[in-house]
1. Output the residue which, of all residues in region 76-104 that are under 14 Å from Y122 (Cα atoms) and among the hydroxyl-bearing types (S, T, Y), is modelled with the lowest pLDDT.
2. Mind checking which residues of region 64-74 are over 13 Å from the mean Cα position of the chain (by Cα) and either surrounded by 12 or more Cβ atoms within 10 Å (Cβ to Cβ) or in contact (Cβ under 8 Å) with a residue 12 or more places away in the chain (or both)?
Amino acid sequence: MNFSKYMVPIIIFSCIVYACSTSNRYNSSSGKDEPVVIANDSLEYEIIIMDVGFNTYLVSNARPVGYYSQSYLESRNRLYTTEWNIRVLNPSRYNPNIYNNSIDYNPNVDYGYDVNYKLFNYFKFVEQKYRIKIR
């Protein structure tokens, strides 16, 4: 199987997550949240969300795993990523500190439940943290 076509999304996802979190680094030894890792070994990519509070949000605010169907999460992530990317392209209109990198979310790729669940909840977390509505 040729995994090179998935490397671009890996790099882009990683850049987005890294860029969103560069000013908010932390570690578990100081009693703060640990980074959330989203991985799908069969597609050979990994996303690391290091945004302070996201791990806590997943545990305390997010609906439990299995609450949403994968198709629901995929459809919401398509909408969220489209709007997110529009905002990235308009830094004079939208805060470039929030929307600093585009997300290459391909609706024809099966990222699996875990990736879609955590990506969906990251959008919800961003909405809550910055008191904005993405979709």
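1. Per the stated criteria, the residue is Y99.
2. Of everything in region 64-74, those that are over 13 Å from the mean Cα position of the chain (by Cα) and either surrounded by 12 or more Cβ atoms within 10 Å (Cβ to Cβ) or in contact (Cβ under 8 Å) with a residue 12 or more places away in the chain (or both) turn out to be V65, Y68, Q70, Y72.
The values are calculated or read from the model by the stated rules, or taken from the named source; none is laboratory data. Predicted, not measured: the structure shown is a model, and the values here were computed from it. With ideal geometry, Cβ positions are generated from the backbone for all residues, glycine too; neighbour counts draw on all protein chains shown.
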